[in-house]
1. P(r) for segment 27-279: what percent of alpha-carbon pairs falls in each 5 Å bin, starting at zero?
2. What residues have an amide H closer than 5 Å to that of Cys200, excluding those fewer than 5 places away on the same chain, when H is modeled at 1.01 Å from N in the peptide plane?
3. In terms of modelled amide H atoms, which long-range or inter-chain residues lie less than 5 Å from the amide H of Lys263?
4. Can you give the relative contact order of the chain as a percent, counting alpha carbon pairs under 8 Å and 6+ residues apart?
5. May I ask you to evaluate 6.51 cos²θ - 1.76 cosθ + 1.60, the Karplus curve with θ = phi - 60°, for each residue of segment 28-34 and list the ³J(HN,Hα) values in order in whole Hz, giving x for glycine and proline?
6. Quick check on the exposure proxy: order His192, His13 from fewest to most C-beta atoms within 10 angstrom.
7. Between Ala326 and Leu118, what FRET efficiency comes out of the Förster formula 1/(1 + (r/R0)^6) with R0 = 45 Å and r the beta carbon distance, rounded to 0.05?
8. Enumerate by residue number the trypsin sites (Lys or Arg not before Pro) in segment 233-272 meeting two conditions: DSSP loop (anything except H, G, I, E, B), and at most 15 other Cβ atoms within 10 Å of the site's Cβ.
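What follows draws every value from the coordinates through simple rules; no lab data is involved. Not measured: the values here are computed from a predicted model. Cβ atoms come from the backbone with ideal geometry, glycine included; neighbour counts cover every protein chain shown.
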Amino acid sequence: MPVHCDWSARADHTDRIIAAALRAADPAAAVARTLVRTGGLLQAGTRSYNLTGFQRVRVLGIGKAAVQMARAVMAAVPELAVDGVLITKRGFAQPVAGLQVLEAAHPVPDEAGVQAALQLLAAAGRPAPDDLIIVVVSGGGSALFTLPVDGVALADLQQLNQQLLRSGASIQQFNTVRKHLSQVQGGGLARHLFPAQVLCLVLSDVVGGALDMVASGPLLADPTTYADAVAILRLLNLWDGLPPRIALHLEAGVQGRVPETPKPGDPIFANVHTVLVADNALAAGAALDCAAQLGFNPLLVTTKLQGEARVAAAAVVALAAQVRRAAGPVAAPACLMWGGETTVTMHGNGRGGRNSELALAAALLLDEHALQRVRIVSLATDGDDGSSAAAGAVAEADTVQRAARAGYSAGASLAENDSGTLFAALGDHICTGATGTNVNDLVFAMLY
């Protein structure tokens, strides 16, 4: 029986919808659903592997969800002697029997990430055609799995990452640049693992489903070019301020003096089989199923929400206002759902992230239009929203007034990119802790 959509129950509704989304995107469960074991055969997507035919099996992992994904892989092959290396975000490591688990920094790479990348390549050894290497890939891998091209220093990459983070670059723009500065991304890892049989299991954190952008596509052909990377940096007005060694390398790439990243059709990808195990659409669908069970009329607006967080907030509030006016596309009580990942162009030095910024911009609009009995929730599914300790935040029509009574100006906080501080003071931040998954962000509006 549906739960009555009582405004007083909105906190409980929020918690239950979030929990449903995170359960659906659980990395271990997603991998377990993907790997089907029948005797000596391991089925993954459209391909089967006869486990008795391999000389050795390795498991490698890159990303925030590496531990949980690898545990499911190990559970699927319990009788095999498997070893390997996992690289995950600092604070996310947990023991996995038979595997070495290493930590590195995110979102700005560090020396630990470089050393971890070298250890992962060493664990791969000298791959042979009768080797099976199972690689689990998830979001965060671009920073965690770091091995700069010759001539570029780690300090150069760190400076560039900071510049891109403040620029409002999309993940596609960010990773197009990073692919062309890495020995292991943009298909580079595939070169190291050839000619082994490689099964790549991907938990996607990239809007639009471009799997070559997840962790900057270490095992997938790269359709982007050096020229694309340079064009992005010029568009973002970053080119003139680049570390000189990065500019020199990219210019050499454009001029053909250093080789391009591996492209579609390169034989190094012949033995690589890639399977998507979970993404934002899966989490959004589960969240809406939960909302329907709670008595809301569900509507998935899009799983491709992108652009500036403040602009996205305006679109979210506009649709909520339309539903409140009984002008469709669904009737209240309703739960409107967006998935994707917005960006923030930094103008201030406050604390927060794209989700809390979206929520604060929405709160100002809810106050401006006096939209009552509307709750807007924005969160990162990995539990990590920028520089705050929260996953995101909740906005309602009285958020602005409550902030004022607490001594905060919502408008000033937004201008300073300090949304995280305001929501923490109000107790309206969402704290999930590290969720172990990473399938972008979810934004939903509940109308009672």
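1. 1, 7, 14, 19, 20, 16, 11, 6, 4, 2, 0, 0
2. Residues meeting the amide H criterion: Val135, His273, Thr274, Val275.
3. Asp222
4. After rounding, I find 16 percent.
5. 5, 5, 5, 5, 4, 5, 7
6. Fewest to most other Cβ atoms nearby, the residues stand as His192, His13.
7. Calculated transfer efficiency: 0.15.
8. Taking segment 233-272 and a limit of 15 other Cβ atoms within 10 Å, the loop trypsin sites (Lys or Arg not before Pro) found are Arg257.
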